[in-house]
Structures are given as structure tokens and as C-alpha cells.
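The values are calculated or read from the model by the stated rules, or taken from the named source; none is laboratory data. Worth saying up front: this structure is predicted, and the values here are computed from it rather than measured. Here the Cβ positions follow ideal geometry from the backbone for every residue, glycine too, while neighbour counts run over all protein chains shown.
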Amino acid sequence: MFETLKEQPADKILELIGLYKADPRAEKIDLGVGVYKNAEGVTPVMRAVKAAEKKIWEEQTTKAYTGLAGDPVYVDTMIDLVLGNSVPGDQIAAVTTPGGTGAVRQAFELTQSATPGARVFVSDPTWPNHLSILKYLGMETIPYRYFDSETGGVNFDGMIADLKAGLKPGDVVLLHGCCHNPTGANLNMVQWKEVVAVLNEKGAVPMIDIAYQGFGDGLEEDAAGTRYVAENVPELLIAASCSKNFGIYRERTGLLMAVGKDTSRRDVTQGMLAFLNRQNFSFPPDHGARVVGTILSDAELRADWKAELEDVRLGMLELRKQLAGELQRLSGSDRFAFLGEHRGMFSRLGTTPELVQKMRADSGIYMVGDSRMNIAGLNTATVPILAQAIIDAGV
Ligand code: LMR
């Protein structure tokens, strides 16, 4: 049967890792995959994660299965981290998933079960793997305008016009909770409110992917849009990731939440989420979830984690400002100021694949073909090199 398998297209983000490695130039700069790196180019294990792992190693007495939803301490503390007090806990069903991607996949599967034929509206652009998973599941995907490459900001009028014109009851609208991937351009609170009004008017269901909480304006600020949605719609799906804000990428630690308007469907929904886990992989991975639960439920570890995360966030913000400043100096214009306005790990430069390729060939700059740059791939010494390469390429 293997001879009938078709070759799958390479994932454009993961492909870059190999291309970068194969480049012999010492001065090359990796702005590809979304992994945080410090000024030395290292993706560190956070202090609180190390401490929690030590505590678990000392105290854990069994590796027997958890429940299908995973460790309840993790589930409860993560619900609190993402949703705060916005919705009563008995309206929320939630399960641990293998990474944020696992939560995204199962949110789509739940949608398919509940509303066969539901269409999923996605921002243009969105994380390519959203599209790939939807295609794999055979779900219809409809793009809504989102990024304005002229201004580097959100094309909000286009977004609202597309949602108003296209949405039907039961459609799902995928939104990024913060730190939009790949663009870095985000909705403000006024805009979140307007989106919610349109979704409610149309009877569409929001799904929020929140993978970078704490990387934008702060832990609470980054959750504000998600919390507003949770308070103001009848139903909401949320896929959360701990990969980035806890730096536990390879541990695969995510959470899928389903928020209802009251308690009536909560137990059935919880059962469905547990069923999806059981069908896909049975019990979710535990180590990363237990680390996160240990940190969030311990005042000292939580404070230390927050402090380190804040340093990471501010470091990326400084690099953004430095890059926008360098480009202003070199170009003599404000046309790159949006890089300082964007938030999170990524910014889309808004240039062509040809110029991205030229920067790679001429200057060893590795960004994704759609001109997405991982800001954390920079340091204060490489920012001027990137700025010069952008100008030299004629962006
Ligand atoms: C990214 O967008 O680079 C990250 O989310 C990593 C990935 O899996 O694509």
C-alpha cells in the first residue's frame, strides 16, 4: 500500500530550519521558526521550569495514567491564566492536549462533529498549519481580509466587510488571541468589540488560538480580547499553548477549552472533549502540563516565571524598537514604523518572496517566504545587519 502514498508538501516554516543549517556562512541570521532565542541565540529552559521539574522529580511517586482530561491542577490553573474571572468555571469544559496544535486540531474536529459542513473563516494570512489541518480534515476554509501590507497594520474595514458579507449561522471564525502569527498586527479592544457584535449578529462561533500570551503587551493585556469574547458570546472554543510562554516547546503542552453560555451543555461537551482525546491518542502528555501546573499553583515559582517572561517580552520589544529606528535612519522615512507597533514574536515585513529570497542569497537572512520574521532571532548586534539587508534588497 505504501506505493500509493503521495509525497506531502514540505512545511515552509520547518523547511527553513534545514536550509539555515546547510548554509555555511558564519554571519547568517535565523529569523525562521517561532522559537524564542536569547541574545546568545539559545532557547533557554526557564528558571521556574527547572525548579518545577526538580520538585516533580523529588515528589512524584507514580507515572500511572492521569484522567483523559489530564492533570486537573494544570487544567484549572491554565483556565485561570487565560480566562481570569471572565466566565464562571462551571461553564467551561477543558482538556489537556499535545501542544496548542493538538487543541487546534481537536477544536476543528469538535466543530465537524457538532456542525457537519461548518465553514471556518480564517485571517488572510494565518498560521499555515491552520490551513493545512483544515484541508486534511476536509473542512471548507474561507479567508477574510486581515493584513494591510501598505500600512503593516490590520485592514479592519476589510475584515469586518468580509465577515458581514460571508458569515452564516454555525460558521466558525478563527481569531488569534494576541501576537498574530504571521503578521504581528493585532486587534485593539474597540475592534474586538466590533468583531464580537458581527459574530453575534450572524450567529457565528468564534475560535481563538492563543499561543503567545505574555509575549505582546503582558499576560493580562494579551488575554483581554479573549476574555471579552468569552463574556459576550454564547459559545467559544479556545486553543491555548504553553510552548512559548513557558518555553516547553518539545513537551507538547496545550489546552482546549469550550466555553458555553450556561452550565446546561457543559458535561456533554466535557465528555466530547475527553472522547476526542481518547480517539486521537488516549491520555494527553503529562510532563509539561505538570510543570505548568506546579509553577502556576506555587506563588514563588509563579512570580519567578512571570518575571522571566516579562524580561523576554521586553527584550523583544527593545529589538523591535531598535529595528524600526535603524530602518528609519537608513530609509529616511517612517514606512517601517509598523515594526515597532507590532507585538509578539513575529512581524510580517510585507515584501515579496523574491526579495525574501534575495535577502537570503545576498545577506544570509532567513525569514519565511511570506516575509515573516522571528524578532527573537535577532540581537542588538544583528539588528543593524538586518536593517541594512532590508534596504540593500530594495524593500
Ligand atoms: C511557528 O509558527 O513558527 C511556530 O508556531 C512553530 C510551528 O510549529 O510552526
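Quick look at the values:
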quantity: Selected residue [basic (Lys, Arg) and either at positive phi or touching a residue at least 40 places away in the same chain (Cβ under 8 Å) (or both)] from 320, 335; calculated: 320
quantity: Helices (runs of 4 or more DSSP H) lying entirely in region 248-351 (those with 3 or more residues that are outside the structural domain of residue 38 (by TED's automatic domain parsing)); calculated: 266-280, 287-296, 299-331
quantity: Residue check for residue 113: touching a Gly at 6+ places or on another chain (Cβ under 6 Å) and either away from the ligand (no atom under 16 Å from the Cβ) or not assigned by TED's automatic domain parsing to the domain that holds residue 229 (or both); calculated: no
quantity: From 239, 258, residue being touching a Leu at 6+ places or on another chain (Cβ under 7 Å) and within 16 Å of the ligand (Cβ to nearest atom); calculated: 239
quantity: Region 354-395, subset among the hydrophobic types (A, V, I, L, M, F, W, C) and assigned to a loop (DSSP other than H, G, I, E, B), residue nearest to residue 321 (Cα to Cα); calculated: 378
quantity: Per-region count, region 30-71, residues crowded, with 16+ Cβ neighbours inside 10 Å, outside any helix (DSSP H, G or I) and more than 16 Å from the ligand (Cβ to nearest atom); calculated: 6
quantity: Neighbours by Cβ (under 7 Å, 6+ apart or cross-chain): first from region 44-71, among the basic types (Lys, Arg); second part of a helix (DSSP H, G or I); calculated: 47/304; 47/308; 55/294
quantity: Residue ID - nearest to the ligand (Cβ to nearest atom), chosen from residues in region 1-29 that are outside any helix (DSSP H, G or I), touching a residue at least 60 places away in the same chain (Cβ under 8 Å) and not hydrophobic (A, V, I, L, M, F, W, C); calculated: 11
quantity: Residue 200, sole failed condition from (1) without any contact (Cβ under 8 Å) to a residue 40 or more places away in the chain; (2) surrounded by 21 or more Cβ atoms within 10 Å (Cβ to Cβ); calculated: (2)
quantity: Matching option when the condition is over 19 Å from residue 259 (Cβ atoms), surrounded by fewer than 22 Cβ atoms within 10 Å (Cβ to Cβ) and at pLDDT below 95, among 140, 150; calculated: 150
quantity: Condition broken by residue 123, with the remaining ones in (1) part of a helix (DSSP H, G or I); (2) within 16 Å of the ligand (Cβ to nearest atom) satisfied; calculated: (1)
